[in-house]
Amino acid sequence: MNQHAIEFLYLSQEDLIHAGAFDLTMAMEALERGLLKFRDGGILFPDKIVQIFNEETQDRINCLPATLLEEKICGVKWVSVFPRNPVLYGCQNLSAIIVLSEIEKGYPVCVMDGTLCSNIRVAAMGATAAKYLAREDAESIGFIGAGEQAKMHLLGMKAVRPGLKVCRVAAKYEHEEQDFIKSLQPLMPDMEFIAGGTKLEHAVRGSDIIVTATSAQAPLLKADWIKEGAFYSHIGGWEDEYKVVQMADKIVCDDWNTVKHRTQTVSRCYKDGVITDADIYANIVDIVSGAKKGRENEKEFIYFDAVGLSYIDVSIAYAMWQKALAGGFGKKLPMQENCIFEKDLTGKVKF
Ligand SMILES: NC(=O)c1ccc[n+]([C@@H]2O[C@H](COP(=O)([O-])OP(=O)(O)OC[C@H]3O[C@@H](n4cnc5c(N)ncnc54)[C@H](O)[C@@H]3O)[C@@H](O)[C@H]2O)c1
């Protein structure tokens, strides 16, 4: 191979799945490593770049870079969010691609589907929180929202609470609840699935773990429905009434400084003066590192809110790439065979 040749591994979503990289436990390990490394200064995490094409619908494409210094890998997630896709076109809202480059010569080493990684990251974050904050004996989980994030979240929750036996789900449309059940039942034959028939209360009341993963901007989850000792993972924007935040014994975030400037329910509560910085118990890294305690008794209602940390995407993508590499999966693609002026350019240049 010419010394100026550059090639990278291309990993489609199918390649990643065949390689065994659809692995929630692996993702959670990568996530915990990433959190601790970032705390210790081992990760570069510049600001993301956001391009919004429609203020009303929030159609957007974001560019999210991060560098894992010890692994010598710089990555970027290029992610599009078009919230109306499911309604307008019957297709998914989010799609992403991830590029990983080594930082010795600075060359790309991998280009991969990023949708799987991105969705796994959201679920791995909620599941890591549940690992420390949900009751050990949790048996039931209730979902408001039945889309991509909700589906992935159930896989994550089952990984950390294998005792989960009952899953209730309610969404805006019954066909979404049925689709959720159809996708997940074959993966969890021991789980009893119950469709809420769009009645949100049916999905939540009595659940040990509650997840809201909706595209709504409304106070869907009511405080009265929440069981003592529940753990709540909040994924979307404004999804619950302020009383839910106010009744929490502990509020934990992926990163409060990021969350408080967004439009989540807790962020709104903060901006409206309903809560202050002092009401936030911890960031998840404080719990993972043992600096702060997780759940301390069976009665606490614990509220978890995450908006996403892109260095975690890169940490998980790195683990996925390593797994695919070790198993010989994916396609090596040439980027260049030699330098520009090493090629025979005769008749091929316009100037
Ligand atoms: N926190 C994070 O890190 C993170 C990451 C990615 C996506 N998200 C957010 O998660 C949310 C869900 O994403 P998705 O990809 O699963 O979306 P999706 O479009 O696949 O699913 C949205 C779900 O919300 C439900 N919904 C909407 N309005 C409702 C209402 N009034 N009552 C009941 N259910 C209602 C729909 O029925 C649907 O089941 C979005 O808000 C997205 O922006 C958060």
For this session: With label points built 7 Å along Cα→Cβ from the Cα atoms of ASP344 and MET1, find their separation and express it in nm.
Result: 2.5
Problem set entry | Karplus (6.51, -1.76, 1.60) ³J(HN,Hα), θ = phi - 60°, over region 324-339, in Hz, Gly and Pro reported as x | 5, 4, 4, x, x, 8, x, 10, 7, 10, x, 9, 8, 8, 7, 6
Seminar exercise, completed: Under the Karplus relation with 6.51, -1.76 and 1.60 and θ = phi - 60°, whole-Hz ³J(HN,Hα) for region 157-164, x at Gly and Pro, equal 5, 5, 5, 9, 10, x, x, 4
For this session: Provide the solvent-accessible area of ARG135, counting protein heavy atoms only and rolling a 1.4 Å probe, rounded to the nearest 10 Å².
Result: 50
For this session: Sum -39500 (n - 2.57) across every DSSP H segment of at least 4 residues in the chain, then divide by the residue count to get the 222 nm mean residue ellipticity, nearest 500.
Result: -9500 deg cm²/dmol
For this session: Just the number, please: carbon plus sulfur as a percent of the accessible area of region 135-305, 1.4 Å probe, no ligands or DNA/RNA counted.
Result: 48
Exercise. Can you list the lysines whose alpha carbon sits under 19 Å from that of LYS131, skipping same-chain ones fewer than 8 residues off?
Worked result: LYS151, LYS158, LYS165, LYS227, LYS250, LYS292, LYS293, LYS299
Exercise. Rg to Rh ratio, region 96-201, alpha-carbon atoms and Kirkwood radius?
Worked result: 1.10
Exercise. Does anyone have the angle between helix 115-133 and the longest principal axis of the chain? Alpha-carbon axes, 0 to 90°, nearest 10?
Worked result: 40
Seminar exercise, completed: Over the chain, with neighbouring protein chains present, the accessible area per residue in Å² at probe 1.4 Å is 48
Exercise. Taking the Cα atoms of region 1-126, what is the range of coordinates along each of the three principal axes, in descending order and whole Å?
Worked result: 47, 38, 31
Exercise. What is the magnitude of the charge dipole of the chain about its Cα centre, with +1 placed on the Cβ of each Lys and Arg, -1 on the Cβ of each Asp and Glu, and no other charges, expressed in debye to the nearest 20?
Worked result: 300
For this session: For region 135-305, report the translational diffusion coefficient in µm²/s to the nearest whole number, using Stokes-Einstein at 37 °C, 0.692 mPa s, and a Kirkwood Rh over Cα pairs.
Result: 204
Exercise. Quick one: how many Å² of LEU44 are accessible to a 1.4 Å probe, rounded to 10?
Worked result: 90
Exercise. What is the packing order of peptides 223-235, 181-193, 100-112, taking the mean over residues of other C-beta atoms within 10 Å and listing the highest first?
Worked result: 223-235, 100-112, 181-193
Problem set entry | the chain: angle of helix 24-39 to the longest principal axis, Cα-based, in degrees nearest 10 | 80
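Could you work out Rg/(2.2 N^0.38 Å) for the chain, with Rg from alpha carbons only?
Normalised Cα radius of gyration, the chain: 1.05.
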Exercise. With all protein chains present, how much of the accessible area of region 1-98 (probe radius 1.4 Å) comes from carbon and sulfur, to the nearest whole percent?
Worked result: 55
Exercise. If you line up the long axis of helix 174-184 against the longest principal axis of the chain, both from Cα atoms, how many degrees apart are they, to the nearest 10?
Worked result: 60
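The values are calculated or read from the model by the stated rules, or taken from the named source; none is laboratory data. Predicted, not measured: the structure shown is a model, and the values here were computed from it. Using ideal geometry, Cβ is built from the backbone for each residue, glycine included, and neighbour counts are taken over all protein chains shown. Keep in mind that these areas ignore ligands, DNA and RNA; they rest on the heavy atoms of the full protein, side chains included. Shrake-Rupley method; radii C 1.70, N 1.55, O 1.52, S 1.80 Å.
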